[in-house]
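Working notes, beginning with the structure itself.
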Amino acid sequence: MIIYFKNVFNDVGTVTEFASKFFKEVFTPPYEFKEFIKQCYVIGYKSLPLVAITGFIMGLVLTLQSRPTLAKFGAESWLPGMVALSLIREIAPVITALICAGKISSGIGAELGSMKVTEQIDAMEVAAINPFKYLVVTRILATTLMIPLLVIFADGIGILGGFIGVNMHGDITLVRYISKVFESLSFLDIVPATIKTFFFGFFIGMIGCYKGFTAENGTESVGKAANSAVVTASLTIFIIDMLAVQLTDLFF
Amino acid sequence: MQELINLEIPVAQHLQAPIIEIKGLFKAFGKNNPILKGVNLSVHKGEDVVVLGKSGSGKSITIKCIVGLVQADKGEIKVFGQEILDMNTGQLNEIRVRIGFLFQNSALYDSMTVRQNLAFTLQRHAKDLNDEEVEKEIIEVLESVGLAEAIHKMPSELSGGMRKRIALARTLILKPEIILYDEPTTGLDTITSREISELILNIKKKNNTTSIIITHDMACAKLTADRIVILKDGVIHAEGSYTELENSKDEWVRSFFI
């Protein structure tokens, strides 16, 4: 038990050290701008199809599942607003972040882990290239910026899915549907939900990079790094979400 | 018993300060696992020193300490007359660009083509070069290792021998004064091993580099070594030319040459 707690504190210490190194390196030139753009492309653009499919299904299913309950109260006209609120405040950020934890965090963990065990990271270091700046800083920055954009994209596609869901049992024009969506939304629904996605993105990138960068030698550790990155990132997303909801509730 | 044999290093080299000087190097992994227990080694400019020893004797750790990949626990490492153990990363990087390191598994960047592998390293240290000059340097260095045709290939498309040559090209592109080879012929067939050994020899002749070569391949050692040192139990156990050590009185030393 003592050893377990010792390991937990040890891990917390090394993760904190890793994160503080990120904040130190991110502001120190030279900047790896080209690699950052490449990572934005890989993390953001290449995740679009997955996020689009997930977002569409979320919107459609949420509408279809909510309709019977609202119909009981004769409140079917609330459906667009309710779907949009649920998607924007909670479902799209969390589900998109979880999808990205699975795709991106594990990908980064496996990529950096395999670079570590095949001495590619050491090769950069002996060539006087800062591997932390090139590999870690660029990826964390890219996830921090791309996850919010992917979530906004998922919001849009989800609302579109909701429109199709509403039209399966009713008849509403797109313009009317969209105006009903915006009627029910306020500034305070969008801003806190968007702010928390930056934290989701930061932790998805940081956990993936940390697990990969600290992989031990041996191919087995690459699998472990990828697996552990997904599990830890997913758990962290729920914890951040819980804290974000509490804070939003407290201040707004 | 340590066997130190008079070396046939030219007088001029003896008078010069060693380009690499290691004194009393200690390194342990964990409390009860000391690997290096006081290694002393001097390498002079233009000299090729081969390091032999059983697996796990600390050969790779020694050269990794020289480039700061492994932090030594105790001792001194002077490279180009500068103590590297006290250096910060910036100072160490200034030394690192003057040292090439060939990894045992080549360590090519998997996600980049051969051209990108070389350009990635070069462009970070020769920022004044334009694209044409970078391309020229890349082709030149690839030709020097006999693989100019592989410029657009991915590392996964290369054989073991080709990967070693490309890794060597990546090392050479920064025109290092010292090259550290970590088992350059491991995992290669006899013919390719000989080609790599000859390449090491040619690089030395052409660029007048200083080298430390870690190997288990005695053909490579015979071809490349100006001097051989043998590590045993964390210290230099024997030192001399190939012929001298081959005829050593120490049976354990002779066992490497059978």
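The values are calculated or read from the model by the stated rules, or taken from the named source; none is laboratory data. Not measured: the values here are computed from a predicted model. FYI the Cβ positions are ideal-geometry reconstructions off the backbone, even for glycines, and counts take in every protein chain you see. For accessibility, only protein heavy atoms count, side chains too; no ligands or nucleic acids. Shrake-Rupley method; radii C 1.70, N 1.55, O 1.52, S 1.80 Å.
Note the buried accessible area between B and A here, summed over both chains, with a 1.4 Å probe, in Å² to the nearest 100.
That pair hides around 1600 Å² of surface in total.
When only the heavy atoms of the protein chains count and the probe is 1.4 Å, how do A:M1, A:M146 rank by accessible area, highest first?
Ranked list, largest accessible area first: A:M1, A:M146.
Lys and Arg at +1, Asp and Glu at -1: add these up for the other residues within a Cβ distance under 10 Å of B:G24 and post the number.
Taking every Cβ under 10 Å from that of B:G24, the sum is +2.
Which whole-percent values make up P(r) of segment A:33-251 when all C-alpha to C-alpha distances are grouped in 10 Å steps starting at zero?
P(r) over segment A:33-251, rounded to whole percents: 9, 30, 29, 18, 10, 4, 1.
Please say if the protein assembly as shown is rounded, prolate or oblate, where rounded means a/c under 1.5 for a ≥ b ≥ c the square roots of the C-alpha gyration tensor eigenvalues, and otherwise the choice is prolate for a/b larger than b/c and oblate otherwise?
prolate
Using only helices, what value at 222 nm comes out for chain A when you add -39,500 (n - 2.57) per DSSP H run of length 4 or more and divide by the total residues, to the nearest 500 deg cm²/dmol?
-27000 deg cm²/dmol
So, in Å, what gap is there between the alpha-carbon centers of segment A:35-104 and segment B:146-186?
Taking the Cα centre of segment B:146-186 as reference, the centre of segment A:35-104 is 48 Å away.
Compare each residue of segment A:114-132 in its chain alone against the assembly with all protein chains, and report those whose accessible area goes down by 10 Å² or more; 1.4 Å probe, heavy atoms.
Buried on complex formation: A:T118, A:E119, A:Q120, A:D122, A:A123, A:M124, A:E125, A:V126, A:A127, A:A128, A:I129.
Could you work out the relative contact order of segment B:156-258? I mean the mean sequence separation of Cα pairs under 8 Å and 6+ apart, divided by the number of residues, in percent.
That works out to 20 percent.
Is there a simple number for the mean count of other chain Cβ atoms within 10 Å of the Cβ of residues in B:170-182, and what is it?
Average per residue, whole number: 1.
Find which of B:I66, B:G187, B:L223 sits farthest along the positive direction of the dipole of segment B:3-257, computed with +1 on the beta-carbon of Lys and Arg, -1 on that of Asp and Glu, about the Cα centre.
Going by the Cα projections, it comes out as B:I66.
Take the residue pairs A:K46/A:K133; B:K45/B:K222; A:K72/A:K196 and return only those whose Cα atoms are more than 27 Å apart.
A:K72/A:K196
So if we plug the beta-carbon distance of B:T89 and B:S241 into 1/(1 + (r/R0)^6) with R0 = 41 Å, what FRET efficiency do we get, rounded to 0.05?
It comes to 0.60.
Can you tell which of A:S221, A:S20, A:S86 shows the greatest fluctuation in a Gaussian network model of chain A with Cα springs below 10 Å?
Highest fluctuation of the listed residues: A:S20.
Taking chain A as a Gaussian network, Cα atoms linked when under 10 Å apart, which of A:M82, A:M124, A:M206 shows the biggest mean-square fluctuation?
Highest fluctuation of the listed residues: A:M124.
Could you compute the FRET efficiency for B:Q104 and A:F23, with r as their C-beta to C-beta distance and R0 at 30 Å, rounded to 0.05?
My answer for the efficiency is 0.30.
Residue by residue through B:99-109, how many Cβ atoms from other chains fall within 10 Å of the Cβ on average?
Per residue, the average neighbour count from other chains is 4.
Could you look at segment B:3-257 and say what percent of its accessible area is carbon and sulfur, using a 1.4 Å probe and all protein chains?
The C+S portion of the solvent-accessible surface of segment B:3-257 is 48 percent.
Over chain B, what is the mean sequence separation of C-alpha contacts under 8 Å (at least six apart), divided by residue count, expressed as relative contact order in percent?
27
Of A:D122, A:D241, A:D155, which is the most mobile in a GNM of chain A whose springs link Cα atoms less than 10 angstrom apart?
Result for chain A, Cα springs under 10 Å: A:D122 fluctuates most.
If we sort B:70-83, A:67-80 on the protection proxy, mean other Cβ atoms within 10 Å, highest first, what's the order?
Packing order, densest peptide first, comes out as B:70-83, A:67-80.
How large is the dipole of segment B:3-257 about the Cα centre if only Lys and Arg carry +1 and Asp and Glu carry -1, each at its Cβ, rounded to the nearest 20 debye?
520
Considering only protein heavy atoms, what is the solvent-accessible area of B:R165 at a probe of 1.4 Å, reported in Å² to the nearest 10?
Its accessible surface works out to 40 Å², give or take rounding.
Of A:K116/B:K164; A:K116/A:K224; A:K21/B:K74, which ones are farther than 21 Å apart at the Cα?
Violating the 21 Å Cα-Cα cut-off are A:K21/B:K74.
Rolling a 1.4 angstrom probe over the protein chains, ignoring ligands and nucleic acids, what is the accessible area of A:Y210 in square angstrom, nearest 10?
For A:Y210, the solvent-accessible surface is approximately 30 Å².
In deg cm²/dmol, rounded to 500, what helix-only [θ] at 222 nm does chain B give when every DSSP H run of at least 4 residues adds -39500 (n - 2.57) and the total is split over its residues?
The helix contribution divided over chain B gives -10500 deg cm²/dmol.
Report, in cubic angstrom per residue, the convex hull volume of the C-alpha atoms of chain B.
137
Based on DSSP, what percent of beta bridges with both residues in the protein assembly as shown are antiparallel, to the nearest 5?
50
Roughly how many Å² is the accessible area per residue of the protein assembly as shown, as a whole number, for a 1.4 Å probe?
Using a 1.4 Å probe on heavy atoms only, each residue of the protein assembly as shown averages 49 Å².
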